[in-house]
Amino acid sequence: MSTVRKTREQLRSWRWFGPSDTRAFSHRSRMQQVGVRREEVMGRPIIGIVNTWSEISTCHLHLRERAENVKRGILAAGGFPIELPAMSLGEVMVKPTTMLYRNFLAMECEELLRSHPVDGAVLMGGCDKTTPGLLLGAISMDIPAIYLPAGPQLNGHFKGVKVGVGTHTRKFYDELRSGRITDQDWIDLEAAMCRSHGTCNTMGTASTMTSIAEVLGFCLPGASSIPADDAAHPRMASQVGERIVQMVWEDLKPSRILSRASVANAAATYMALGGSTNCAVHLIAMARRAGAELTLDMLDQRARDIRVLVNLMPSGDYLMEDFYFAGGLPALLKRIEQHLDLSALTVTGRTLGENIAGAKVNEGGDDIIRDAAHPISERGALAVLYGNLAPAGAVIKPAAADPKLLRHTGPAVVFEDMPDMMKRIDDPALPVDANSVLVLKNAGPQGGPGFPEWGNLPIPKKVLATGVRDMVRVSDARMSGTHYGTCVLHVAPEAFVGGPLALVRDGDLIELDVDARRLELKVSDEELARRRAAWTPPPPRFERGYGRMFSAHVTQAPEGCDFDFLQSPGTLPEPDIY
Ligand code: FES
């Protein structure tokens, strides 16, 4: 536990409200205008609640109510809450992709905190990009911050099957397209898919990233596993409010929490979770902001060392509600503690080891949170591939792929971009069979634009009709963490900037060998040089606005897709107050 105790004059907000000059007079006067007494803001920790609630961010609909629980805790601990709305980034509704705006949210969070009189922050998010977006901003601002995960949805059920959001959308869609379920079944599924508040109930990107936030040290122990509609969730929210006030007095900032050790812990946990491939992008971005080295190769090494122990969809059988009852993230961390640096500091003021000292897998939970002797798969959560098709790297999630396809060579069926794919994928004349390798170009950070989750290309109808449910797919896109399949993703450099993926043509042989970590285009160097000479860069995606800034500054997937001017550690000076 930290022994630092700030004085009230050391509070950041004191600069706004403490002095007896005209500026502070105006600040206090404006608070009095809204019914707040001067004593409520002078010398008390002021907590900014950065809330990504909105009516169109369906996973966060309960966060407006949760903010009230947080405020209760803040007031009880002697702080003063101020809610700061931020971009909501609902994964399903925001187009072309929320990933275009992750860095926007990061900048918004950082600047909201910098420009306002706040001493500490509660970060309220959960839907995929909101977790890394808020954390990136808080890391760079570096005032005490605690993360409040929205919590997963309750288990879904349909026709006797446990339904995983996203995972079963694609499964049932393939059944529909192959005529195995009716149109009415499909309509009924729509109503059954999401049955409560909260984020996707699989180990998709949302649950992966909230778990990562927790193991990095930014959440109260166990917080990321609590279902959104469990009564424990508002209790946790109130506790978050209490704790952030104490963190302000203790000056417990992200720079004391995020370290090489906590990043290494997150990498290990990612693998045991069987987490989303998106984590490889976000975790690298967060580590770089903190100056902690993390590379794709380091992640690959962790994936070789640590098998997937969490039996959750899309790699396994269960859902987040089951995980919670099995003991949740603390129980998993206890199971992999030999891979963790237990001395890493967390928002509790205690170490990770102290936080999980009493954690255990609950009775009946051993099939959900496995031990090292019984992994859910011998294949890892991640493999990093290199070759002439991906000189800077590509990733695949072997645990969610058909084992028979992990070593495969087949002819490419190339789609130049998403509209091309949508137009032709189900064309009966498409020269494709189960042996083909589907290739999608121009879906990376620049090309998408924004690095959309298009990497799980649908299986062509005529191949589905033969009973096939998985094929090798290669793209510079991402894939939803709820999806599965033999999908090679994040190929870098991307096609749009002239990566070798841009040179692939129909019929070229592509070799995938996951054990050898290889992705090769079986075309001679001379022929590739000829094609490169004939290649012309596509016109820019954006002429103006945020998109233009994004295109000018976003980095490639192996570097975390952060903006180049935000990547380095360090904070900006405090604003002048005149
Ligand atoms: Fe929000 Fe999946 S759509 S977490």
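Summary of computed values
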quantity	calculated
Hits in region 340-368 - residues which are open to solvent by less than 40 Å² (accessible area, probe 1.4 Å) and either touching a Cys at 6+ places or on another chain (Cβ under 6 Å) or within 20 Å of L216 (Cβ to Cβ) (or both)	L340, A344, T346, V347, T348, G349, T351, L352, G353, N355, I356, A359
Per-region count, region 130-142, residues more than 14 Å from the chain's Cα centre (by Cα) and either surrounded by fewer than 24 Cβ atoms within 10 Å (Cβ to Cβ) or within 14 Å of the ligand (Cβ to nearest atom) (or both)	2
Filter result for the condition that a residue is among the hydrophobic types (A, V, I, L, M, F, W, C) and within 16 Å of the ligand (Cβ to nearest atom), over A231, A206	A206
Any hit, region 412-421, residues being under 26 Å from T97 (Cβ atoms), out of contact with any Pro (no Cβ under 8 Å at 6 or more places or on another chain) and among the small types (G, A, S)	yes
Residue in region 234-251 that is within 13 Å of the ligand (Cβ to nearest atom), open to solvent by 20 Å² or more (accessible area, probe 1.4 Å), in contact (Cβ under 8 Å) with a residue 24 or more places away in the chain and in a loop (DSSP other than H, G, I, E, B) present	no
Lone qualifier among C127, C200 - being open to solvent by 30 Å² or more (accessible area, probe 1.4 Å), within 15 Å of the ligand (Cβ to nearest atom) and modelled with pLDDT of 95 or more	C200
Total residues in region 1-25, condition open to solvent by less than 40 Å² (accessible area, probe 1.4 Å) and either among the hydroxyl-bearing types (S, T, Y) or more than 18 Å from I577 (Cβ to Cβ) (or both)	3
Residues of region 76-121 classified as away from the ligand (no atom under 15 Å from the Cβ) and in contact (Cβ under 8 Å) with a residue 60 or more places away in the chain, total	21
Residue that is surrounded by the most Cβ atoms within 10 Å (Cβ to Cβ), among those in region 170-197 that are within 16 Å of the ligand (Cβ to nearest atom) and in contact (Cβ under 8 Å) with a residue 60 or more places away in the chain	H197
Qualifying residue in region 407-414 (condition: within 28 Å of M271 (Cβ to Cβ), touching a Ser or Thr at 6+ places or on another chain (Cβ under 8 Å) and part of a loop (DSSP other than H, G, I, E, B))	no
Lone unmet requirement of (1) within 18 Å of T277 (Cα to Cα); (2) open to solvent by less than 10 Å² (accessible area, probe 1.4 Å); (3) outside any loop (DSSP other than H, G, I, E, B) for A392	(2)
Selected residue [under 21 Å from the mean Cα position of the chain (by Cα) and polar (S, T, N, Q)] from S480, S377, S436	S480
Helices (runs of 4 or more DSSP H) within region 267-335 that include 2 or more residues more than 26 Å from V554 (Cα to Cα) and touching a strand residue (DSSP E or B) at 6+ places or on another chain (Cβ under 9 Å)	296-305, 320-326, 328-335
Counted residues, region 467-509 - those being of a type in the set (K, R) and open to solvent by 20 Å² or more (accessible area, probe 1.4 Å)	2
Close pairs (8 angstrom Cβ cut-off, 6 or more residues apart or separate chains): within 13 Å of the ligand (Cβ to nearest atom) in region 56-75, aromatic (F, W, Y) anywhere	H60/W53; L61/W53; L63/W53
Sole residue being open to solvent by less than 80 Å² (accessible area, probe 1.4 Å) and assigned to a strand (DSSP E or B), chosen from E520, E527	E520
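Yes/no per residue for (1) part of a loop (DSSP other than H, G, I, E, B); (2) surrounded by fewer than 16 Cβ atoms within 10 Å (Cβ to Cβ):
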{"residue": "T536", "(1), (2)": "yes, yes"}
{"residue": "P539", "(1), (2)": "yes, yes"}
{"residue": "E543", "(1), (2)": "yes, yes"}
{"residue": "F550", "(1), (2)": "no, no"}
{"residue": "P558", "(1), (2)": "no, no"}
{"residue": "C561", "(1), (2)": "yes, no"}
{"residue": "T571", "(1), (2)": "yes, yes"}
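The values are calculated or read from the model by the stated rules, or taken from the named source; none is laboratory data. Everything numeric here is computed off the predicted structure, so don't read it as measured data. Positions of Cβ are backbone-derived with ideal geometry, glycine not excepted, and every protein chain shown enters the neighbour counts. These accessible areas exclude ligands, DNA and RNA; they are computed on the full protein's heavy atoms, side chains included. Shrake-Rupley method; radii C 1.70, N 1.55, O 1.52, S 1.80 Å.
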